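This report concerns only the one structure given below.
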Amino acid sequence: MPSLDAPGGLGLGLDLSARTRLLLQCQNAIAGSYSVGGAPADTVALCGKLVEKMLQDTPVFGQAEFVAAAAAAASGRWAEARTHLARSRALAPGEAWLARNRADLLLRQSQHWSQSDMELLQADLALLLESRSGLNWVAANYVGKDALRPAVNRVLPAASPQQQARFLDAVTQIVGE
């Protein structure tokens, strides 16, 4: 694999599409750290360096900030992960797919996050309740993960009556299965 610092190395001269693909590969590799055994430390470290380089080139890249948060969390650097998660949310507040990833990271490792971290989750949940796929994800996790319930219970009253009804229908369908 080429060096990140070598001419033509990863992170240099890549267009947005190539950067996005690399970040998705890192995101998928790091997601292995959520499961038993986790992602290899060298993979997490390489992805961390790649993201750092991308953020030097493009400091306002919400996806890169999320991957930086995931890499930091996979390495147990929780304060750094918190900073990157907050930046990702600030830079990409309306991107539902990133909101879902941020929420998933918080939920999978909820024991490591503070109450203020979980408040960040509320803004992402509010966004997810606006789409059918996001609402279904929230409902499935509401039923399956106790850590999500308090955040949803704080967000749901501010949702529209239609969103509330759709959410309750989705939860009822899941519970009834």
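Label-to-label distance, N153 versus H112, with points set 7 angstrom from Cα along the beta-carbon direction: 2.6 nm. Entry note, the chain: relative contact order of 14 percent, from Cα contacts under 8 Å with a spacing of 6+ residues.
With a Förster radius of 45 Å applied to the beta-carbon distance between S160 and S17, the computed FRET efficiency rounds to 0.80.
The share of accessible area on the chain that comes from carbon and sulfur is 54 percent, using a 1.4 angstrom probe. Axis of helix 41-57 versus longest Cα principal axis of the chain: the two differ by about 80°, to the nearest ten degrees.
Legend: residues I30, I174, sorted from most to least accessible area (1.4 Å probe; ligands, DNA and RNA excluded), read I174, I30. Here the extension length gained between E119 and S131 equals 2.3 nm, from 0.36 nm per residue of separation less the Cα-Cα distance. From the square roots a ≥ b ≥ c of the eigenvalues of the alpha-carbon gyration tensor of the range 117-177, which class results: rounded (a/c under 1.5), prolate (a/b over b/c), or oblate? Oblate shape, in that a/c is at least 1.5 and b/c is the bigger or equal ratio.
Taking the alpha carbon gyration tensor of the chain, multiplying each eigenvalue by 5 and rooting it gives semi-axes of 32, 16, 14 Å, largest first. Would you mind checking the tilt of helix 132-144 against the longest principal axis of the Cα atoms of the chain, expressed as 0 to 90 degrees and rounded to 10? With rounding to tens, the tilt is 80 degrees. Between A69, A81, A18, the residue with the greatest mean-square fluctuation in the GNM of the chain (Cα pairs under 10 Å linked by springs) is A18. Per residue, the solvent-accessible area of the range 66-177 (1.4 Å probe, heavy atoms of protein chains only, all protein chains present) comes to 47 Å².
The values are calculated or read from the model by the stated rules, or taken from the named source; none is laboratory data. Bear in mind the structure is a predicted one, so any value in this text is a computation, not a measurement. Neighbour counts are summed over all protein chains in view; Cβ atoms, including those assigned to glycine, are modelled from backbone coordinates with ideal geometry. Just the protein is used for accessible areas: all its heavy atoms, side chains included, with ligands, DNA and RNA removed. Shrake-Rupley method; radii C 1.70, N 1.55, O 1.52, S 1.80 Å.
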